[in-house]
């Protein structure tokens, strides 16, 4: 295991106590790597082809929930916790996030408040007032003396990202609570310290923020709009089943703009002056990570970096609506304009003054989740495992979920990714597997063919053994007495011609029986190192060829030694040469060729004879099949040849043309034998 993987797993064990905000339903995960691609914190680990959200690395942005088309991501459910709070006698307040107009654009806000009250909440307030309080603190922060630089902390996912992946910037996090926490603290001042507070909004990260040690106890539970809708359906609560009701005070001002990108700046009266560069705002997965990196590197010289993980809170993963971004912005804008028109500004200023001394400060913790960067050699090793040996092999296609091949390699080193996530690598592996399957299929077909032939040979062997016992002895008597009678008869004897026919037929029967006996005994191979050159040389010495046939001997290389049964291979060559000679009654060229490679040796016997018709090629190795004239062959020669080759774990191929119109006629038999064959 690489050092990086071990180090990473140690860290995983260390932080297992964290709340898993998002988990994977493995039965639904289709390994599309979309969640990996969309996770800014790279908190998704692929293990055994399954996407796993690592709680200690997750910042709760909800991107993985939003982009998963298979609905394989499951958000931590807070409904039982909220129901338990509502079942108690202690009053419970529901704090609605200012993004609610984008979620419930088809419901009058008074009806929505009535529906929330029907769930059992005593108070229903707008978190937007907490945003007003927070905006005022940001305005004071920037008006103070000094050049200290800050990162806004209204978005808990941003806070989590900085704590985990840029711990050096923790001191730059603005020491101001989020609007959710500010509203919870304000509610307890206004309605009593025993009040229970439930935040309802679009953000999954709020669940993690509420459980954070630094602000634990301020917010008792967090519901997403998805969970709120579930409660409405479960209780049968609809807009028409409740009485309309207004929000409880305090009423908000421009803080209602917080869920829109740059809304906090407008609420605080802070201008994003592009020329001055004092304030910079960024939102969205890629923009916020780049902005924080540049802020840390010093390339972004701004006093306040106002960043949101989503494109505004109105795009949070805890929302039900499928409306597009600008439609949601429009809904919030219309609602804020209507509410500001009816706002009692004196009352609002009074509330702000009443809570001016409210403690809205907080501190942050280092939760370093960075991993050791692998060395160049370690990255090269992983890249080579992925089949990327040269820079041009790095396609950076993004199919794995990482922007570059090197990022993927680093993730593999960190234990977050697998090699199989690389599409080109997987395709290459698939091609190799297909080729291996094709080779296996070829071997299987060859083995099946060999088994079929072996069954034929075994049957013929049994038949041959029976014939040998039952026919050979009486046949010998017939042959002996036929020859004696032939010798005793004179040349002009009346029955001499008939007797001659009996002798010839009996001799042919003897050849057939002899061939069957030889065929039946081919069941053992005695291997020994054999030089093919010497074997061919000995074969040539035994040949008696007519003057019309030209013999050619060709050797591909000087070293052609293989383990084989010399006598049986000699028998093969004798059979093949005999067939070649018979195929050239008018003469021609007989070629003996040897060659091979590190694994196999090859012996070819070629002739320029009449060739084998195409319809006979599939039957030439069948016992007793022959195209020779009656009395010229038994049909066992090639069957015996095939059996010997297969017992050597080899193969025999034939290439023949019997049609002069298609080119020169002739036949080539090629015997392929392993250099180091096992014993047969």
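Just so it is clear, none of the values below were taken in a lab; they were calculated from the coordinates. Since the structure is predicted, the reported quantities are computational estimates derived from the model, not experimental observations. Backbone-built Cβ (ideal geometry, glycine too); neighbour counts: all protein chains shown.
The table below gives the values:
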item: Projected-area mean, the chain, by convex hull of Cα positions, square nanometres; result: 50.7 nm²
item: Rounded if a/c under 1.5, otherwise prolate or oblate - region 20-171, Cα gyration tensor axes; result: oblate
item: Nearest 10 degrees, 0 to 90: helix 423-488 Cα axis against the chain principal axis; result: 20 degrees
item: Helix axis angle, 637-647 relative to the chain longest principal axis, alpha carbon, degrees; result: 40 degrees
item: Computed [θ] at 222 nm, deg cm²/dmol, the chain (DSSP H ≥ 4; -39,500 (n - 2.57); rounded to nearest 500); result: -14000 deg cm²/dmol
item: Antiparallel DSSP beta bridges within the chain, as percent of all bridges there, nearest 5; result: 55 percent
item: Ranked 251, 235, 431, criterion: other C-beta atoms within 10 Å, fewest first; result: 431, 235, 251
item: Mean separation of Cα contacts under 8 Å, 6 or more apart, over the residue count of the chain: relative contact order %; result: 12 percent
item: Burial ranking of peptide ranges 218-231, 369-382, 150-163 (average Cβ count within 10 Å, highest at the top); result: 150-163, 218-231, 369-382
item: Euclidean distance of C-alpha centroids, region 36-54 and region 593-618, integer Å; result: 58 Å
item: Angle between the chain longest axis and helix 566-582 axis [Cα atoms, degrees, rounded to 10]; result: 70 degrees
item: Taking the C-alpha atoms of region 287-331, convex hull volume expressed per residue in Å³; result: 91 Å³
item: Most to least packed among 313-320, 491-498, 165-172, 296-303 [average Cβ atoms within 10 Å]; result: 313-320, 165-172, 296-303, 491-498
item: Region 125-157-region 340-361 distance, computed between alpha-carbon centres (Å); result: 15 Å
item: Centroid-to-centroid separation of region 221-278 and region 103-121 [C-alpha atoms, Å]; result: 13 Å
item: Hydrodynamic radius of region 525-680 per Kirkwood, over alpha carbon pairs, in Å; result: 16.0 Å
